[in-house]
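The values are calculated or read from the model by the stated rules, or taken from the named source; none is laboratory data. The structure presented is a predicted model; accordingly, all values stated were derived computationally and were not measured. Note that we place each Cβ from the backbone using ideal geometry, even for glycine, and neighbour counts take in every protein chain shown.
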Amino acid sequence: MALMDFIKKQFIDVIQWTEDGEGTLSWRFPMADMEIQYGAVLVVRASQMAVFVNEGKVADVFGPGTHKLTTQTIPVLTNLKNWDKLFQSPFKSDVYFFSTRQQVDQRWGTSQPITIRDKDFGAVRLRAFGNYSYSIVDPGAFHTKISGTRERYTVAELDGQLRGMVLQHISDAIAQSGMPFLDLAANQIEFAAALQKELEPVAARRTAEAAGPAHRHGHGRQRHGQVHAVPDRASHSRIRQGRRPGRRWRQRGR
């Protein structure tokens, strides 16, 4: 092996992620002991975003496109590392890619009946099932609060957190909808809209504090103070009405 071939392998001149299947939300580019060549090319494909992280701090965020890495295009990283304008040396940084595709047909449901209070029937019990979709809109906050330094973070790992958030706020959504108990099964679209309205500010509060001074490039959407994973829609819900002492209900939503 020639000396130049050995030296060349120590530097990275192209950084990119080709998704090899479904279900991955974030992926860390494998650096090992290599360094990024000054002027290297960062390729961010459609439905992706890339984040540079320096010693645990989110630096520059890139949207879809081809980006040449210089002190002009990575200003936050340049500032964190105290580089001067003449800097042109190889450098180290962690690079994480995030999938911004909509994650569809995610399921939720109540494992046990929940009790709500109805103005006509008092305390009643019901079960609810449905699905929803979401997408990542703030990868910096998602990295800081959720995925962290893991090599790969998947849809399955996030599933429990999102389902738990949905289930915790079903009762509030029913109360806010103002629908009588007997009308829930026949008004599932309205209930889904009420549930989505209830969830969005809850998700936002969990990650608003993580939105820092990251510099964003390309055409990625930036929503400071907004959620890391936005529930795009509570696309479907099914209400199964339970029992109230002394009465039986067998009505089921379609």
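Here are the numbers:
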| quantity | calculated |
| --- | --- |
| Members of region 97-121 found to be within 22 Å of A173 (Cα to Cα), assigned to a strand (DSSP E or B) and hydroxyl-bearing (S, T, Y), listed by number | T115 |
| Those residues of region 7-23 which are at pLDDT 95 or above and either more than 15 Å from L69 (Cβ to Cβ) or in contact with a helix residue (DSSP H, G or I) (Cβ under 8 Å, 6 or more places away or on another chain) (or both), in sequence order | W17 |
| In region 58-85, the residues that are farther than 24 Å from Q10 by Cβ and free of Cβ contacts under 8 Å to residues at least 40 places away in the same chain | Q72, N79, K85 |
| Strands (runs of 3 or more DSSP E) contained entirely in region 7-73, each with at least 1 residues that are more than 23 Å from F87 (Cα to Cα) and in contact with a His (Cβ under 9 Å, 6 or more places away or on another chain) | 24-28, 35-44, 65-68 |
| Options V166, V155, V137; residue that is closer than 15 Å to S111 by Cα and surrounded by 15 or more Cβ atoms within 10 Å (Cβ to Cβ) | V166 |
| Failed item, numbered, when Q88 is tested on (1) under 20 Å from G140 (Cβ atoms); (2) of a type outside the set (G, A, S); (3) touching a residue at least 12 places away in the same chain (Cβ under 8 Å) | (1) |
